[in-house]
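S.K.: Below is one structure. I have some questions about it.
Just so it is clear, none of the values below were taken in a lab; they were calculated from the coordinates. Computed from a prediction, not measured in an experiment: that's the story for all the values here. Glycine gets a Cβ as well: all are built from the backbone with ideal geometry, and neighbour counts include every protein chain shown.
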Amino acid sequence: MSSDPKSEDDDVDAHDGRPETESQRSDRNWGEILQELRVTQTGSQILSGFLLTVAFQQRFTHLDTYQYSVYGVLVGLAAISTVLGLSTVTLHRAQFHQHRKPAVVEWGSRLLAITVTVVGVLSAGVVLLIFDVVFGRAAGAIAGVAAAIVLVVLLVIVPRSVRASDGHQQ
C-alpha cells in the first residue's frame, strides 16, 4: 500500500501540504508526541535525580521550614511528571489494538501539555530552591520569578505568537 492517500477525498486536510489519511496523520502525530515525551522525561529524570540526592547531603538537615516545604512540593511535582509520562504510554498500550488512534493522539497531546507544564514548574522551583539555599531568600525569590517568566514566555507566549503569525486561531 502506498503512503499516499488513494484519492484527494481521503486527504484529511488538502491545504496543509501533507497528503495523508486520518490514520497516517494519527500515526505521524503519535510519533511526534513520543519524541516530545522523551524530552520531558529526560528533564524530569534529571531533576528527580537531583532532588533525590539532595536529601542525602549533609547540608539538607540545615534547611529551614520554607526550604523543606519547597523541597517537598518539588519532589511531589517530580513524581507527578513521571506518572504523567507513564500515563501517556499506558494510554497507548491500553488502546493499541482498539483502532482508536485519533482519540489516543488527542488524549496523549493533552497529557503531554500537562507534563510540559509540570516539568516547567518543577524547573522553576528547583531554580528557586537552589538560589534560596545558596544565596538567600531574596535571591531565591528573584531567581524563581525570573525562571517562571522565562517559562511563560517560552512555553506560552512564543508558541501563541508563532501560531498567530501563521494565521491560525489561538
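S.K.: State whether region 78-170 is rounded, prolate or oblate according to the following rule on the C-alpha gyration tensor (a ≥ b ≥ c being the square roots of its eigenvalues): a/c under 1.5 gives rounded; otherwise a/b larger than b/c gives prolate, and the remaining case gives oblate.
M.R.: Details: a/c = 6.71, a/b = 1.59, b/c = 4.23.
Oblate, since a/c reaches 1.5 and b/c is not below a/b.
S.K.: Which order do the peptides 62-72, 121-131 come out in when sorted by mean C-beta neighbours inside 10 angstrom, highest first?
M.R.: Numbers: 62-72: 13.4, 121-131: 20.6.
Output ranking for 62-72, 121-131: 121-131, 62-72.
S.K.: Something else about it: Determine the calculated [θ] at 222 nm for the chain from helices alone, applying -39500 (n - 2.57) to every DSSP H run no shorter than 4 residues and normalising by the residue count; nearest 500 deg cm²/dmol. Walk me through the intermediate numbers first.
M.R.: Values: 5 runs with 123 residues, N = 170.
Result for the chain: -25500 deg cm²/dmol, rounded to the nearest 500.
S.K.: Please list, ordered by chain and number, the residues whose modelled amide H lies under 5 Å from the amide H of E20; skip anything fewer than 5 residues away on the same chain.
M.R.: Correct list: V12, D13.
S.K.: Helix check for the chain. Which DSSP H runs span at least 24 Å along their own axis by Cα, with a mean Kyte-Doolittle hydropathy no less than 1.6? Numbers along the way, then the final one.
M.R.: Numbers: long enough: 22-54 (47 Å, -0.40); 65-95 (45 Å, 0.80); 101-135 (49 Å, 1.68).
The answer, listed by residue number, is 101-135.
S.K.: Here are a few candidate values for mean projected area of the Cα convex hull in nm²: [x] 10.0; [y] 13.3; [z] 12.5. Which one was actually calculated from the structure I just gave you?
M.R.: [z]
S.K.: What is the packing order of peptides 30-39, 104-113, taking the mean over residues of other C-beta atoms within 10 Å and listing the highest first? Write down the numbers at each step before the final one.
M.R.: Values: 30-39: 14.5, 104-113: 17.7.
Ranked by mean Cβ neighbours within 10 Å, highest first: 104-113, 30-39.
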